[in-house]
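First comes the structure, then the notes that go with it.
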Amino acid sequence: MSALEHKIDFVALVSVTRANSNGDPLNGNRPRTDYNGYGEISDVCIKRKIRNRMQDLGQPVFVQSEDRCDDGFGSLSERASSVMKGIKERDVYAQKACETWLDVRAFGQVFAFKDTKGFSAGVRGPVSIHQAVSLSPVEIESLQITKSVNGEKREKGAARASDTMGMKHMVRFGLYEVKGSINVQLAEKTGFSQADAQVIRECLRTLFVNDASSARPDGSMEVCKLYWFQHNCKEGQYSSAKVHRSVKAALKPGVELPTSVEDYEITLEPLEGLTPEVLEGL
């Protein structure tokens, strides 16, 4: 595989329509918002979805969710031991992990488990992803629902268990900006390649494929645009902050409460010598 030789920055615009984009367990699973009402999606949530897409694309992944486990291991410790058992040199351990799992050489990983008796190793990954934030404040709608608890057969003469009440929360509409970068120097250390970068790009473009749930019905979350900036050098022609700011979205005149991506005017500020690849999401 060819080594990554050019810094990469990316910006994805993601729409959320009547869905819980990222529930906050400390706030009754309401969609995350900041104190000013702007919607948020944590970087951990985004990385989880990218890892799921990596698996869909046939890539080996170290941090697997329980319902997506494809190798039979019940824990990260078991998965690590199956490949690195007996390795005690930190550099060798980290190198082997990077060679084995794409998410490790992309995002990095800390290996510190009880069965390693104090041995630990860490990998710093080249792919960094920001917390996604909506471009305008979002409205949260809450619905009261009933949850049936009649999961077991009743004994003869026993009273029927009553249903319980619950709440379901959703963002009415929000356009979120997902920003990130891929660092060449760190890619050289983990072995992250140009081909790996293309996998990340495809994962971002198809981020919500196979991600449907009751909180996120199919079609309620969509990648509208993906801007993929590949610089002509390792360090980058511009700072990541300046590249990310070049993608601009503003409400169209007369629109106060956006209800779709069409309510925004999306423009790209030209950066001399750096033209992004603009991809439609799936």
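Which count do you get for residues in the stretch 176-204 that are in contact (Cβ under 8 Å) with a residue 60 or more places away in the chain, in a helix (DSSP H, G or I) and either within 14 Å of GLY281 (Cα to Cα) or open to solvent by 20 Å² or more (accessible area, probe 1.4 Å) (or both)? Please lay out each step first, then the result.
If we filter the stretch 176-204 for residues that are in contact (Cβ under 8 Å) with a residue 60 or more places away in the chain, which is where we start, we get 176-184, 186-197, 199-204.
In the following step, the residues that additionally are in a helix (DSSP H, G or I) were identified as 184, 186-190, 194-197, 199-204.
Remaining after also requiring either within 14 Å of GLY281 (Cα to Cα) or open to solvent by 20 Å² or more (accessible area, probe 1.4 Å) (or both): 186, 188-189, 194-195, 199-204.
Matching residues across the stretch 176-204 total 11.
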(message) Residues that are more than 23 Å from CYS45 (Cβ to Cβ) and at pLDDT 95 or above: does the stretch 217-228 have at least one?
(response) no
(request) State which residue pairs qualify: first residue at negative phi and inside the stretch 1-30, second residue acidic (Asp, Glu) and part of a loop (DSSP other than H, G, I, E, B) in any location, beta carbons under 9 Å apart, and separation of 6 or more residues or different chains. (result) LYS7/GLU235
(request) Provide a single number: the residues in the stretch 230-252 that are within 20 Å of the chain's Cα centre (by Cα) and free of Cβ contacts under 8 Å to residues at least 12 places away in the same chain. (result) 1
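Per-residue answers, yes or no, for (1) within 15 Å of GLU177 (Cα to Cα); (2) open to solvent by less than 30 Å² (accessible area, probe 1.4 Å); (3) in a loop (DSSP other than H, G, I, E, B):
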position	(1), (2), (3)
ALA12	yes, yes, no
THR17	yes, no, no
SER21	yes, yes, yes
LEU26	no, no, no
ASN36	no, no, yes
GLU40	yes, no, no
LYS47	yes, no, no
ILE50	no, yes, no
(message) For the structure I just gave you, tell me whether SER82 is within 24 Å of ALA112 (Cβ to Cβ), open to solvent by less than 60 Å² (accessible area, probe 1.4 Å) and in a helix (DSSP H, G or I).
(response) no
(message) Suppose we filter LEU282, LEU207, LEU226 for residues that are under 28 Å from SER2 (Cβ atoms) and assigned to a strand (DSSP E or B); which single one remains?
(response) LEU226
(request) Run ASN36 past the list (1) closer than 27 Å to PRO258 by Cβ; (2) without any contact (Cβ under 8 Å) to a residue 24 or more places away in the chain; (3) over 22 Å from the mean Cα position of the chain (by Cα) and report the number of the one that doesn't hold. (result) (2)
(request) Run ARG68 past the list (1) of a type outside the set (S, T, N, Q); (2) open to solvent by 30 Å² or more (accessible area, probe 1.4 Å); (3) over 27 Å from ASN210 (Cβ atoms) and report the number of the one that doesn't hold. (result) (3)
(request) Return the residue satisfying two criteria in turn: it lies in the stretch 121-136 and is of a type in the set (S, T, N, Q) and either at positive phi or open to solvent by 50 Å² or more (accessible area, probe 1.4 Å) (or both), and of such residues it is farthest from the chain's Cα centre (by Cα). (result) SER128
(message) Being open to solvent by 60 Å² or more (accessible area, probe 1.4 Å), more than 30 Å from THR259 (Cα to Cα) and either out of contact with any Lys or Arg (no Cβ under 8 Å at 6 or more places or on another chain) or outside any loop (DSSP other than H, G, I, E, B) (or both): is that true of ASP103 here?
(response) no
(request) Evaluate the stretch 219-226: report whether one residue or more is under 25 Å from GLN59 (Cβ atoms) and open to solvent by 40 Å² or more (accessible area, probe 1.4 Å). (result) yes
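State whether one or more residues within the stretch 159-170 are out of contact with any helix residue (DSSP H, G or I) (no Cβ under 6 Å at 6 or more places or on another chain), modelled with pLDDT of 85 or more and buried (at least 20 other Cβ atoms within 10 Å of the Cβ). Can you show your working first?
Narrowing the stretch 159-170 to residues out of contact with any helix residue (DSSP H, G or I) (no Cβ under 6 Å at 6 or more places or on another chain): 159-170.
With the extra rule that they be modelled with pLDDT of 85 or more, the set shrinks to 167-170.
Among the residues that remain, those that are also buried (at least 20 other Cβ atoms within 10 Å of the Cβ) are: 170.
For the stretch 159-170, residues out of contact with any helix residue (DSSP H, G or I) (no Cβ under 6 Å at 6 or more places or on another chain), modelled with pLDDT of 85 or more and buried (at least 20 other Cβ atoms within 10 Å of the Cβ): present.
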(request) Kindly check whether there is at least one residue in the stretch 120-136 that is part of a loop (DSSP other than H, G, I, E, B), touching a Gly at 6+ places or on another chain (Cβ under 7 Å) and at pLDDT 90 or above. (result) yes
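The values are calculated or read from the model by the stated rules, or taken from the named source; none is laboratory data. A quick note: this is a predicted structure, and the numbers were derived from the prediction, not measured. Neighbour counts run over all protein chains shown; Cβ positions are idealised from the backbone, glycine included. The protein model used for the area step is the full one, side chains on, heavy atoms only, and it has no ligands, DNA or RNA in it. Shrake-Rupley method; radii C 1.70, N 1.55, O 1.52, S 1.80 Å.
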